[in-house]
Number of protein chains: 2
Amino acid sequence: MNRPRYDTALPLSGARFTARYRIAAETPAAAEEAARALAVEQTIEFPAELVEGTIAREVVARVESLQETAPGVYAAELSFAVELVGGELPQLLNVFFGNSSLLPNVRLERIGLSSELARRFPGPRYGTRGLRRVLDVPAGPLLSTALKPLGLGPEELAAMAYRLALGGVQLIKDDHGLANQAFAPFEARLEAVTAAVARAERESGMKAVYAPNVTAPGEETLRRARLAREAGAGAVMVAPGLVGFDRMERLAREVGLPILSHPAFLGGFVPKGDGGIAHYALFGQLQRLAGADVVIFPNYGGRFAFSREECAQVNAGLKDELTGLAPAFPAPGGGMSLERVPEMRELYGDDLIFLIGGALHRRGPDLTENARHFRRLAAEVK
Amino acid sequence: MNRPRYDTALPLSGARFTARYRIAAETPAAAEEAARALAVEQTIEFPAELVEGTIAREVVARVESLQETAPGVYAAELSFAVELVGGELPQLLNVFFGNSSLLPNVRLERIGLSSELARRFPGPRYGTRGLRRVLDVPAGPLLSTALKPLGLGPEELAAMAYRLALGGVQLIKDDHGLANQAFAPFEARLEAVTAAVARAERESGMKAVYAPNVTAPGEETLRRARLAREAGAGAVMVAPGLVGFDRMERLAREVGLPILSHPAFLGGFVPKGDGGIAHYALFGQLQRLAGADVVIFPNYGGRFAFSREECAQVNAGLKDELTGLAPAFPAPGGGMSLERVPEMRELYGDDLIFLIGGALHRRGPDLTENARHFRRLAAEVK
């Protein structure tokens with residue numbers, strides 16, 4: 001039977017980008033078949049025998065290499081034509097892991113960008129060096145904490161922020177559950193907390209920024225971030241799992257404040273079984289691709305069950321070379337205590353943000369004194 | 001030591017909404033502790049001993065019930081104050097499963113809405129009945145397919161759409177990889193395909209709609225959807241995993257075309273181990289909450305390893321009572337064949353959309369004839 005075979009009239013540039021996948025398969029032949037199926041799934045999602053020419057040669061992803069890395073585990077390197085992306089981040093994520101997110105035996109391990117993509121998505125606007133300049137701290141770990149509990153009003157949150165900044169906490173962020181609730185409306189909170197942090201800065205002579213949570217519906221994210229910039233907050237926080245990585249990328253490009261990325265609703269992608277997105281890519285590379293300067297994630301040994309090795313991978317994904325994109329700060333948190341400062345400094349290195357929550361409040365009634373204690377501890381470790 | 005204890009000055013309304021979680025725990029005591037920790041994690045994320053009054057009683061989630069449902073598996077029903085949501089979908093999702101998405105032993109199983117939330121998020125604008133009215137098909141399964149492979153230009157895609165609509169395919173959607181690439185720019189594609197589908201409608205006397213993919217960065221999603229409405233496309237498709245559920249919700253509220261939800265990049269949340277979001281909630285309830293009229297997901301027995309029972313759960317999540325929100329159509333796809341029509345009809349019932357891809361092209365060179373064959377088959381099953 002003669003079937004139509006599809007081709008494209010458009011010549012492609014030949015420029016390609018890559019991704020590395022982990023494939024679980026029982027035999028080398030099954031792995032090869034899975035890799036070829038993945039190449040089709042992520043691109044044409046169409047019977048391969050019904051395409052020809054440029055579509056068959058260049059639009060379908062190419063399996064550049066396939067290696068067994070452990071018994072039953074394979075590393076497949078695929079390459080894709082840059083034209084598939086059309087310059088848009090949602091489609092780039094779709095090419096990396098759209099349908100394949102639904103495949104139980106495929107994990108996205110690493111992304112690779114072409115120079116064209118790196119120009120289109122230039123990554124963190126500040127990165128580690130830029131944020132150090134903003135905070136006037138050329139070396140050593142930085143300190144961060146969140147304003148909570150939910151239920152407090154703008155003035156109470158501002159009073160808390162003042163005491164923390166006075167004690168030397170450099171990045172004071174909203175709890176990620178603070179949105180625009182009646183008990184702490186965004187604009188009133190922004191105004192009160194920004195003023196409180198500025199007052200603490202004047203009194204202490206130490207720099208501090210406030211990162212209000214701008215995770216919000218649609219354009220409201222951008223509008224709140226612009227309000228934060230105008231108010232002089234100094235940074236913003238957003239949860240890309242809730243609003244999409246492309247909204248974070250727009251914040252970097254259109255608003256221009258340092259960005260803290262929060263992991264809420266991203267947990268689904270943490271590898272379980274043989275699927276998911278590896279920690280290196282999920283909390284490291286993809287975050288930089290979408291413009292995060294600081295990435296919050298659960299520290300090992302806390303209540304979220306990330307391992308030490310997984311956290312080391314996050315750290316590497318934030319700092320390894322990635323087509324010239326700036327490295328970003330890891331901000332491990334989630335049930336950490338003051339005692340863990342030295343071992344964390346050893347694992348993550350100098351470019352590290354200690355994100356401390358409950359422990360800062362549990363230590364005693366004087367938040368400023370607690371913060372000073374924490375700052376001394378952090379400054380002492382080498 | 002005297003510590004400050006936090007409370008809120010704001011009285012709450014007392015209105016609450018619920019969620020049911022599956023908790024894996026070794027003992028009843030461990031399950032109870034995990035449920036209490038979850039109640040704190042999803043709300044104040046702060047030492048419970050440092051809050052009092054309204055915050056302790058109403059802001060912290062309440063564990064309404066906890067039951068062992070199988071050895072080592074517990075069902076915990078939590079309730080939350082509606083004031084925590086602030087009327088915003090990202091924050092509602094955050095309350096349901098923000099940080100807890102990162103907990104390996106907690107799965108979101110079902111959501112429950114209060115009447116306030118159902119007013120704020122009224123769900124599918126069309127639902128099953130509305131879409132049947134649009135397509136003028138009062139009963140029986142509907143037919144859908146995607147325009148592919150990637151690489152074809154607007155005129156080629158339009159020619160394909162014409163042949164498919166002429167054969168009786170009622171919902172013709174873009175491949176989810178079609179964004180705004182140079183080989184098929186959105187606006188040229190929209191114009192060409194919409195005109196082709198309209199011509200087929202006139203010639204065949206059967207209704208059909210085109211659902212262009214509007215998954216795109218930021219406001220571009222909304223802009224493209226409005227263009228689709230003006231052009232008369234009849235529907236739109238979006239991937240909430242890539243751009244956020246709240247962007248889909250805005251499409252429903254602000255654009256008003258029927259919405260097809262695509263599962264790209266949502267796979268991370270499919271339950272693996274003891275975490276994730278149950279199929280019922282992920283592909284059923286949350287999709288309706290965010291306004292989807294048609295939900296695409298991988299059919300059982302295809303290449304994505306969903307089980308028959310999981311697909312039945314999706315179907316139930318799309319159709320069960322949910323505070324008055326309209327039911328939505330399941331559109332199972334992913335490697336399905338014509339032979340499977342009868343068993344699928346039996347599993348999913350009358351309100352079902354057959355989403356068929358490669359099989360429609362593989363059957364033979366005449367797409368219109370293939371579509372007619374498919375339509376006859378679908379009409380015959382009871």
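Quick look at the numbers
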item: Matching entry among A:Ala278, A:Ala239, A:Ala292, A:Ala231 (being among the aliphatic types (A, V, I, L, M) and either modelled with pLDDT under 95 or within 16 Å of A:Thr128 (Cβ to Cβ) (or both)); result: A:Ala292
item: Criterion: more than 25 Å from the chain's Cα centre (by Cα) and not acidic (Asp, Glu) - qualifying residue of A:Val381, A:Val341; result: A:Val381
item: Residues satisfying the stated conditions in region A:216-244, i.e. open to solvent by less than 10 Å² (accessible area, probe 1.4 Å) and at the interface with another protein chain (Cβ under 10 Å from one of its Cβ atoms); result: A:Ala216, A:Gly218, A:Thr221, A:Leu222, A:Val238, A:Ala239, A:Pro240, A:Leu242, A:Val243, A:Gly244
item: Members of region B:286-310 that are polar (S, T, N, Q) and open to solvent by less than 10 Å² (accessible area, probe 1.4 Å); result: B:Gln287, B:Asn299
item: Listing of helices (runs of 4 or more DSSP H) fully contained in region B:73-159 that carry 1 or more residues being open to solvent by less than 20 Å² (accessible area, probe 1.4 Å) and away from chain A (no Cβ under 14 Å); result: B:115-120, B:127-135
item: So A:Arg375, is it touching a Leu at 6+ places or on another chain (Cβ under 8 Å), charged (D, E, K, R), assigned to a loop (DSSP other than H, G, I, E, B) and open to solvent by 10 Å² or more (accessible area, probe 1.4 Å); result: no
item: Given (1) over 30 Å from A:Ser115 (Cβ atoms); (2) more than 15 Å from the chain's Cα centre (by Cα), number of the condition A:Cys311 does not satisfy; result: (2)
item: Which numbered condition B:Thr194 misses (of (1) open to solvent by 20 Å² or more (accessible area, probe 1.4 Å); (2) among the polar types (S, T, N, Q); (3) closer than 29 Å to A:Thr54 by Cβ); result: (1)
item: Test: residue in region A:33-53 that is more than 26 Å from B:Thr145 (Cβ to Cβ), more than 13 Å from chain B (Cβ to nearest Cβ), surrounded by fewer than 21 Cβ atoms within 10 Å (Cβ to Cβ) and in contact (Cβ under 8 Å) with a residue 24 or more places away in the chain; result: no
item: Close pairs (8 angstrom Cβ cut-off, 6 or more residues apart or separate chains): farther than 13 Å from B:Pro122 by Cα in region B:243-255, part of a helix (DSSP H, G or I) and open to solvent by 10 Å² or more (accessible area, probe 1.4 Å) anywhere; result: B:Val255/B:Arg226; B:Val255/B:Arg229
item: Answer from B:Arg345, B:Arg376, B:Arg308, B:Arg340 - the residue that is touching a helix residue (DSSP H, G or I) at 6+ places or on another chain (Cβ under 9 Å) and farther than 23 Å from B:Pro258 by Cβ; result: B:Arg308
item: Within region B:54-72, considering residues that are touching a helix residue (DSSP H, G or I) at 6+ places or on another chain (Cβ under 8 Å) and assigned to a helix (DSSP H, G or I), the one most open to solvent (accessible area, probe 1.4 Å); result: B:Ala56
item: Residue within region A:13-26 that is under 16 Å from A:Ile55 (Cα atoms), within 9 Å of another protein chain (Cβ to nearest Cβ) and either crowded, with 19+ Cβ neighbours inside 10 Å or modelled with pLDDT of 95 or more (or both) present; result: no
item: Members of region A:43-64 that are closer than 22 Å to A:Gly276 by Cβ and at pLDDT 95 or above; result: A:Thr43, A:Ala61, A:Val63
item: Residues (open to solvent by less than 40 Å² (accessible area, probe 1.4 Å), of a type in the set (Ser, Thr, Tyr) and farther than 24 Å from A:Ala235 by Cα) located in region A:317-369; result: A:Ser337
item: Which numbered condition A:Asn180 fails, given (1) closer than 29 Å to A:Pro90 by Cα; (2) free of Cβ contacts under 8 Å to residues at least 12 places away in the same chain; (3) open to solvent by 10 Å² or more (accessible area, probe 1.4 Å); (4) within 14 Å of chain B (Cβ to nearest Cβ); result: (2)
item: Test result for B:Glu45, outside any loop (DSSP other than H, G, I, E, B) and among the acidic types (Asp, Glu); result: no
item: A:Thr323, sole failed condition from (1) free of Cβ contacts under 8 Å to residues at least 60 places away in the same chain; (2) not in a helix (DSSP H, G or I); result: (1)
item: In region A:258-277, residue farthest from the other protein chains (Cβ to nearest Cβ) [restricted to those that are touching a residue at least 12 places away in the same chain (Cβ under 8 Å) and touching an Asp or Glu at 6+ places or on another chain (Cβ under 9 Å)]; result: A:Pro258
item: Where a residue in region B:92-116 is in contact (Cβ under 8 Å) with a residue 40 or more places away in the chain and over 16 Å from B:Val270 (Cα atoms) and its partner, wherever it lies, is acidic (Asp, Glu) and part of a strand (DSSP E or B), with Cβ under 9 Å and at least six apart; result: B:Gly112/B:Glu77
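The values are calculated or read from the model by the stated rules, or taken from the named source; none is laboratory data. Note that the structure is a prediction, hence the values are computed from the model and not measured. Here Cβ is always computed from backbone atoms with ideal geometry, including for glycine, and neighbour counts include all displayed protein chains. Heavy atoms of the whole protein, side chains included, go into the accessibility calculation; ligands, DNA and RNA do not. Shrake-Rupley method; radii C 1.70, N 1.55, O 1.52, S 1.80 Å.
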